[in-house]
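The values are calculated or read from the model by the stated rules, or taken from the named source; none is laboratory data. Model, not experiment: these values are computed from the prediction. Cβ: placed from backbone, ideal geometry, glycine included. Neighbour counts: every protein chain shown. Calculation scope for accessible area: heavy atoms of the full protein, side chains included, ligands and nucleic acids excluded. Shrake-Rupley method; radii C 1.70, N 1.55, O 1.52, S 1.80 Å.
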Amino acid sequence: MWDRLRKQVSLELEQLNRLLETHRPLLEKCPGIPPNDIEISALAGLLHSFYTGMENIFKRIAIEVDGAPPRRSEFWHRELLDAMTRPSQHRSPAISSALRQRLREYLEFRHFFRQAYAFQLHWSKMRPLVLGCEDTLRLLEADLEKLLRAGLAKE
């Protein structure tokens, strides 16, 4: 179980790193020069994909370790994220509470993005998320490595 999960998580993390590398020129430009409307749309797509990739990892943990996919309810995305900060019968918390709080902002943006027109996107609101992607991914990688190491040690 844990070895299979490690492979699945590894693949998703590779995809998330590739996502950031694909957008690297734009990510490097943004801190000094505000993006134009088309670049904002591209960055919004990045943020949407970024959180979706993380949620894919959480769904894999729920299925492989906890034994069930997330329960589909109106708030299942938030419930899945919150569940990752709590231990289950077979695992310790997958992520820290601090990372959950950070990821909740990405989840909220993804929800907004799915309902919004591109002209409703505002750089001032997106900026901290875009500029925080790299650090957020590194925090996730570190938390997942602890989880996987602990799980493999139990097998």
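Quick notes on this structure:
- Members of region 117-155 found to be within 13 Å of LEU46 (Cβ to Cβ) and polar (S, T, N, Q), listed by number: THR136
- Against the conditions (1) modelled with pLDDT of 95 or more; (2) within 29 Å of LYS154 (Cα to Cα); (3) of a type in the set (Gly, Ala, Ser); (4) surrounded by fewer than 18 Cβ atoms within 10 Å (Cβ to Cβ), GLY53 satisfies every one except (4).
- Residues located in region 1-26, provided they are among the hydrophobic types (A, V, I, L, M, F, W, C), touching a residue at least 60 places away in the same chain (Cβ under 8 Å) and open to solvent by 50 Å² or more (accessible area, probe 1.4 Å): MET1
- Options LEU144, LEU131, LEU121; residue that is closer than 22 Å to LYS7 by Cα and either free of Cβ contacts under 8 Å to residues at least 24 places away in the same chain or aliphatic (A, V, I, L, M) (or both): LEU144
- Selection of region 27-50 for residues being touching a residue at least 60 places away in the same chain (Cβ under 8 Å) and either open to solvent by 50 Å² or more (accessible area, probe 1.4 Å) or among the hydroxyl-bearing types (Ser, Thr, Tyr) (or both) yields PRO31, PRO34, ASP37, SER41.
- Residues of region 56-66 satisfying the condition of being open to solvent by less than 40 Å² (accessible area, probe 1.4 Å) and not β-branched (Val, Ile, Thr): PHE58, ALA62, GLU64
- Number of the exception - SER10 against (1) out of contact with any helix residue (DSSP H, G or I) (no Cβ under 6 Å at 6 or more places or on another chain); (2) within 28 Å of TYR117 (Cα to Cα); (3) of a type in the set (S, T, N, Q): (2)
- For ARG18: the one exception among (1) over 14 Å from the mean Cα position of the chain (by Cα); (2) farther than 21 Å from LEU147 by Cα; (3) basic (Lys, Arg): (1)
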